[in-house]
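Written below as C-alpha cells is the structure these notes are about.
Throughout, read-outs are computed from the coordinates displayed, never taken from laboratory work. Since we're looking at a predicted model, the values are computed, not measured. A quick note on method: Cβ atoms are made from the backbone with ideal geometry, for glycine too, and the neighbour counts reach across all protein chains shown.
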Amino acid sequence: MCGIFGVYSNERINVAKKIYYGLFALQHRGQEGAGIATSDGRGFHHHKGIGLVSEVFTNNELQSLYGYIGIGHVRYSTTGDSTIENCQPFVVKSSFGPIAIAHNGDIVNSTILKRELERMGHIFISSTDSEVIAQLLVRELLKTEDIIEAIKNTAKRLIGAYSLLIMFNDKLIAVRDPNGFKPLCIGRDENCIYFASENCALDTVNAEFVRDIKPGEIVMVDDGEIKCYEIEKPCEEVNTELNLPVNDCIYNNCVSTCMFEYVYFARPDSIIDGISVYEVRRKIGRILAKEHPCDADIVSPVPDSGITFALGYSEELGIPYYEGLIKNRYVGRTFILPTQEERDLAVRLKLNPVKSILKDKKVVLVDDSIVRGTTSRRIVNMLKKAGAKEVHLRIGSPRIISPCFYGIDMATKEELIASSKTDEEICKYVNADSLGYLSIEGLVKAIGRKDLCLACVSGCYPTDVSCKFK
Ligand code: AMP
C-alpha cells in the first residue's frame with residue numbers, strides 16, 4: 001500500500017513541515033517506515049527511517065530538509081523486507097541530476113525487470129520494486145534526455161500498480177498507472193501545489209482539493225506551471241512473454257481501481273475518484289443487512305474498520321448500534337505487523353469488550369473483511385467470553401479468495417481462509433452463530449462504479465499476472 005505526499009511551493013518556502021503533516025494524515029496507509037526528500041533547486045536533502053512519521057522525524061531533521069519542492073512516503077511493505085534500505089523516497093543519481101521517487105503499489109513483473117537490469121550491470125541497494133522503477137527511469141532518461149519521455153517509456157515496461165511522485169531537479173511529477181489502481185489527487189493553496197494519496201491529507205494542510213489524477217496521467221509542476229501528459233497503454237510486444245490469462249479470465253487492462261481502498265484501506269473521510277469512502281461503507285452496511293438480515297439485539301462494529309458498515313447495517317434493520325468493543329487508540333493496524341506472533345498480541349492490546357453491553361445479547365458483529373480468519377475467530381471468542389449469547393458475523397466485503405499482486409498484503413492463496421473453505425466451515429472456524437459476506441454485486445452497487453479491481457474476490461486480474469504463478 002503506502003501513502004505518498006508531495007508539495008511544490010511557488011513562493012520557494014521550505015516544504016518539509018507540510019510534507020510531515022501530510023504524511024501524518026496518511027499514516028494509516030503504512031506504519032513501517034517514513035521518509036521525506038526535498039530539493040532547493042541546487043541539490044536534494046533526504047531523511048528516512050523505520051517507524052511512524054512522528055518517530056522518524058525530529059524538529060531538527062525537518063529543519064535540515066531545506067527546499068521548496070519535496071516528496072514524502074509512508075511505507076507498508078508488500079514487496080521487500082522491513083529495512084531502512086527499503087524505505088522511501090529512493091534517491092538515485094543520474095548525470096542529468098538526482099531523482100527521488102515515492103511509490104504506492106506493486107509491480108507484478110518487477111523480478112523479471114530487476115533480473116534484466118542486473119544483467120546490464122545495475123546494482124540494487126534495496127529489495128523493493130520501487131527501486132526497479134527508479135533504475136528503469138534513470139536508464140530511459142539517459143536514452144531520451146527528457147523526463148516525460150523517460151517516464152512514458154518506463155511505464156511501457158511496467159505491469160501493475162504505481163501511483164508515483166517523482167522529484168527531478170526542480171520539477172515535481174505525479175504519475176498514476178493506466179489502470180488507476182491506487183488513488184492520487186492534486187490540491188492547491190495560494191502558495192503551493194500538492195499531490196496526495198488521499199484528499200484527507202490535503203484537508204490537513206488546509207489545501208483545496210483540485211481533482212483526482214486520471215488513470216494513465218502524468219502531471220508535472222515545472223516552474224510553478226502544471227502540465228499534463230498521458231501514458232500509453234502497455235503495448236502487447238512488451239507483454240507477449242507473459243501473455244497468459246489466469247483462472248480463465250482474459251485480463252482487460254482497463255481502469256480498475258482497487259475496491260479495497262473503499263472497503264478498508266482509505267480513510268473514511270477521503271473521497272476517491274469523486275466517491276465518498278464513508279458513504280460507500282454506509283451503503284455496504286445497508287446492502288449487507290438486506291442480503292444477510294439477522295434478528296439480533298444489537299449491532300456492534302469491530303473498530304475502527306467495521307464502524308461505518310455497522311452503522312449502515314443498524315440503520316437498515318432498525319437494530320440499535322452499540323460499541324461492544326473498545327479500541328485502544330494508541331495501537332495501529334494489527335494486520336500490518338509482520339509476524340503472526342506480533343499480530344496475536346496486538347489484537348489483545350487493541351481491543352477489549354464492554355461486558356455490560358454484550359451480556360446475554362444476540363450480537364451482530366460487523367467487520368470489513370476476513371483474510372486468514374484468525375482475527376475474527378479471536379474477536380468472536382472475546383465477545384462470547386464477555387457474555388454475548390450469540391454472535392452473528394457480517395462482513396463488508398465478499399469472500400477474499402485470491403492474493404493481491406498490486407500492493408495489498410493479503411497473504412498467499414493457501415493462507416486465505418475463503419480460498420479453500422465454505423461459508424459454513426468458516427463460520428465454524430471463527431466460532432460464530434452465523435456468517436454473511438457481502439456479495440460482489442452488492443459491493444459494486446455500493447461503490448457505484450464498475451471499473452474496479454476485484455481480483456481478490458473474483459480471481460480475475462485486470463493485468464497479466466502469470467509471472468507470479470511461474
Ligand atoms: P485476518 O482474517 O485475521 O487475517 O484479519 C482480517 C482483519 O485484518 C480484517 O478485520 C481487517 O480489518 C484487517 N485487514 C484485512 N486486510 C488487510 C490488509 N491487507 N492490510 C491490513 N489489514 C487488513
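Find the centroid of the Cα atoms in the range 8-36 and in the range 149-212, then give the distance between the two in whole Å.
Each part reduced to its Cα centre gives a spacing of 13 Å.
Please give the FRET efficiency for Asn59 paired with Arg348, using the beta carbon to beta carbon distance and R0 = 35 Å, rounded to the nearest 0.05. Provide the component values of the computation, followed by the final result.
Working: r = 35 Å, r/R0 = 0.99.
That gives a FRET efficiency of 0.50.
At 222 nm, what value in deg cm²/dmol follows for the chain if DSSP H runs of at least 4 each add -39500 (n - 2.57) and the sum is divided by all its residues, to the nearest 500? If you can, show how the numbers build up before the last one.
Details: 16 runs with 140 residues, N = 470.
Helix-only estimate at 222 nm: -8500 deg cm²/dmol.
Compute the helix-to-body angle for 16-25: its Cα long axis versus the longest principal axis of the chain, expressed 0 to 90° and rounded to tens.
Roughly 20 degrees, rounded to the nearest 10.
The range 423-470 to the range 264-283: how many Å between their Cα centroids?
The range 423-470 and the range 264-283 have Cα centres separated by 18 Å.
Would you mind computing, in nm to one decimal, how far apart the modelled labels at Lys468 and Thr111 are, each placed 7 Å from Cα along Cα→Cβ?
Spacing of the two 7 Å Cα→Cβ label points: 1.2 nm.
Classify the range 52-135 from the C-alpha gyration tensor, please: rounded if a/c falls under 1.5, else prolate or oblate depending on whether a/b exceeds b/c. Don't skip to the end; give the middle numbers.
Details: a/c = 2.51, a/b = 1.52, b/c = 1.65.
The shape class here is oblate.
Quick check: the angle from helix 129-144's long axis to the longest principal axis of the chain, C-alpha only, nearest 10 degrees?
With both axes taken from Cα atoms, the answer is about 30 degrees.
Going by C-beta contacts inside 10 Å, put Ile218, Ile379 in order with the fewest on the left. Provide the component values of the computation, followed by the final result.
Numbers: Ile218 22, Ile379 25.
Ascending Cβ contact count within 10 Å gives the list Ile218, Ile379.
Give me the percent relative contact order of the range 402-470, please, defined on Cα pairs under 8 angstrom at least 6 residues apart. Display every interim value, and only then the final one.
Values: 40 pairs, mean separation 20.3, N = 69.
Dividing the mean separation by the residue count of the range 402-470 yields 29 percent.
What are the extents of the Cα atoms of the chain along their three principal axes, in Å, largest first?
70, 50, 38
On a full-extension model of 0.36 nm per residue, what is the gain between Glu414 and Asp269, subtracting their alpha-carbon distance, rounded to one decimal in nm? Walk me through the numbers before you get to the answer.
Working: separation 145, 0.36 × 145 = 52.20 nm, distance 3.38 nm.
Fully extending the segment from Glu414 to Asp269 adds 48.8 nm.
Taking the chain as the reference, fit the longest principal axis to its C-alpha atoms, fit the long axis of helix 340-350 to the helix C-alpha atoms, and give the angle between the two in degrees, 0 to 90, nearest 10.
Orientation of helix 340-350: about 70 degrees from the principal axis.
Which percent, to the nearest 5, of DSSP beta bridges fully inside the range 261-469 are antiparallel? Spell out each step's value before the answer.
Values: 5 of 20 bridges.
Roughly 25 percent of the beta bridges in the range 261-469 run antiparallel, per DSSP.
Which of Lys156/Lys445; Lys156/Lys227; Lys17/Lys93; Lys93/Lys156; Lys327/Lys384 have a Cα-Cα distance over 27 Å?
Working: Lys156/Lys445 33 Å; Lys156/Lys227 20 Å; Lys17/Lys93 25 Å; Lys93/Lys156 22 Å; Lys327/Lys384 17 Å.
Listed pairs above 27 Å: Lys156/Lys445.
Charges at C-beta only: +1 for Lys and Arg, -1 for Asp and Glu. How large is the resulting dipole of the chain about its Cα centre, in Debye rounded to 20?
On the way: 56 positive and 62 negative charges, 246 e Å.
So the dipole magnitude of the chain works out to roughly 1180 debye.
Beta carbons within 10 angstrom, averaged per residue: use that to sort the peptides 415-427, 112-124, highest first. Can you show the working numbers first?
Working: 415-427: 16.2, 112-124: 13.2.
Highest to lowest by the protection proxy: 415-427, 112-124.
Using Cα-Cα distances under 8 Å and only pairs 6 or more residues apart, what relative contact order does the range 261-469 have, in percent?
On the way: 393 pairs, mean separation 41.4, N = 209.
The normalised contact order for the range 261-469 reaches 20 percent.
Starting with the fewest neighbours, write out Asp222, Asp368 ranked by other beta-carbon atoms found within 10 Å of each beta-carbon. Could you put the intermediate results ahead of the total?
Numbers: Asp222 16, Asp368 23.
The fewest-first ordering by Cβ neighbours comes to Asp222, Asp368.
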